[in-house]
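Taking it in order: structure first as structure tokens, then the write-up.
The values are calculated or read from the model by the stated rules, or taken from the named source; none is laboratory data. All values reported here derive from a predicted model rather than from experimental measurement. For neighbour counting, all protein chains shown are included, and Cβ atoms are generated from backbone atoms with ideal geometry for every residue, glycine included. Ligands, DNA and RNA are excluded from the accessible area calculation, which covers all protein heavy atoms including side chains. Shrake-Rupley method; radii C 1.70, N 1.55, O 1.52, S 1.80 Å.
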Amino acid sequence: MDCWGALIGGLAIFGISMTTTVAGIAVFWLMAAVSLNCMNGPLATVVADRFLPENRGIASGFVGAGSTAGGTVGIIVAGYLAYNLQLGYLVFGLAIIACCVAFVLINREPSTRALEVEPFKWGTFFKSFWVSPRQYPDFGWAFFGRFAMFLGYQGVVTYQLYILQDYIGLSVKDSNYAIGTISAITLVTLLFSGLVSGYLSDKYQRRKIFVFASSIMMAIGLMIPLFVPTLNGMYYYAAIMGLGYGAYTSIDMALMTQVLPGGGKQAGKDMGILTIATVLPQSFSPILSAWLLSTFNNDYSTLFIAAIIFVFASSFFVLPIKSVK
């Protein structure tokens, strides 16, 4: 599933650069989104399947640092390849395919031929995707906490270029350079915080306090451009957000593996459901941000205010979780 998802997703991404119509872009983007999410679902189970609960902090730290660093490096590389869109899409498409194939070849799965397989029934299959928040409240709190956090975070990141131009007042050229610098700052701080917080989380066997603190730190980072609407303010924002986001993505994943229904017997399916809490905000946040800008006369400060509210609220969703310290 990983390889097929990566192959189709990589080809679909390259296909975006080959079309000149909105409908064509929509079709290829939909193909990429579906296939890459088919790849991400199984990947999300690696930590739950291969590491003991007490070691999942540092393991999640590496996974979280890798995923967030990849996104940051991607922004930097995209800036250098912006002069040739087809080349840029080709590079990213091939990178997805190559990395996934390498992962599958290096990280061999044990054989499952001897395992018992339950008879497949469509009714049971569809019903399994509903996880009752009343029966599994910790799972529900983890889902809504992640959903709120990413809804706030993506709302600002998606419009970062326009924030630099229309809110900070930079030219298009200077904005592109600034995004590279902001991404580099974020990369350094998130790598540091992701690995250090993962180590500390395992050492003290605590998850909730790290997720809570990292959400608060992100909310503080989002406040900086409101009071310091300058390029330096955006650099300070990048540093604080990197520290908070790196710690959050690392420890939140470890926490999620410990709130799965049935002790993680269906980790693949349940982690896939939790992945929805990451994917849906990526679709909703641009719509919400566009509505806010339209309603408040292109006042970009509203994006930061909305993001602060969602990220700050997400920190409190982890507090009712009882099965994890």
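So if each residue of separation counts as 0.36 nm, and I subtract the Cα-Cα distance between Y177 and W291, what length gain in nm does that give? All intermediate terms of the calculation are to be shown ahead of the outcome.
Values: separation 114, 0.36 × 114 = 41.04 nm, distance 2.77 nm.
Full-extension gain reported as 38.3 nm.
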Expressed in nm to one decimal, what extension gain is obtained for the pair L231 and L319 from 0.36 nm per residue of sequence separation less their Cα-Cα distance?
28.2 nm
If I ignore ligands, DNA and RNA and count only protein heavy atoms, how much of M217 is accessible to a 1.4 Å probe, in Å² to the nearest 10?
70 Å²
Using only alpha carbon pairs under 8 Å that are at least six residues apart, calculate the relative contact order of the chain and give it in whole percent.
29 percent
Of L87, L151, S171, whose Cα points farthest to the positive end of the dipole of the chain (charges on the beta-carbon: +1 Lys, Arg; -1 Asp, Glu; origin at the Cα centre)?
L151
Which percent of the accessible heavy-atom area of the chain goes to carbon and sulfur, probe 1.4 angstrom?
70 percent
Helical mean residue ellipticity (222 nm; -39500 (n - 2.57) per DSSP H run of 4+; nearest 500) of the chain:
-25500 deg cm²/dmol
What does the accessible area per residue of segment 202-325 come to in Å², with a 1.4 Å probe and no ligands, DNA or RNA counted?
44 Å²
Which residues' amide hydrogens lie under 5 Å from the amide hydrogen of D299, considering only partners 5 or more residues apart or on another chain, with H built in the peptide plane?
none
When every protein chain stays in place and a 1.4 Å probe is rolled, C100, C38 sorted by accessible area with the largest first are C38, C100
List every DSSP H helix in the chain whose Cα atoms extend 27 Å or more along the helix's own long axis and whose mean Kyte-Doolittle hydropathy is at least 1.0.
22-43, 85-106, 208-227
Förster radius 41 Å - calculated FRET efficiency between C99 and I216 (Cβ-Cβ, nearest 0.05):
0.80
Note down the relative contact order for segment 182-325 as a percent, whole number, built from C-alpha pairs under 8 angstrom at least six residues apart.
35 percent
Starting from the Cα of S301, move 7 Å in the Cα-to-Cβ direction to define the label point; list residues of segment 134-177 whose amide nitrogen is under 13 Å from there.
167-168
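Quote to one decimal, in nm, the extra length available between I25 and I209 on full extension: 0.36 nm per residue of separation minus the C-alpha distance between them.
Taking 0.36 nm per residue and subtracting the Cα distance, the gain is 62.0 nm.
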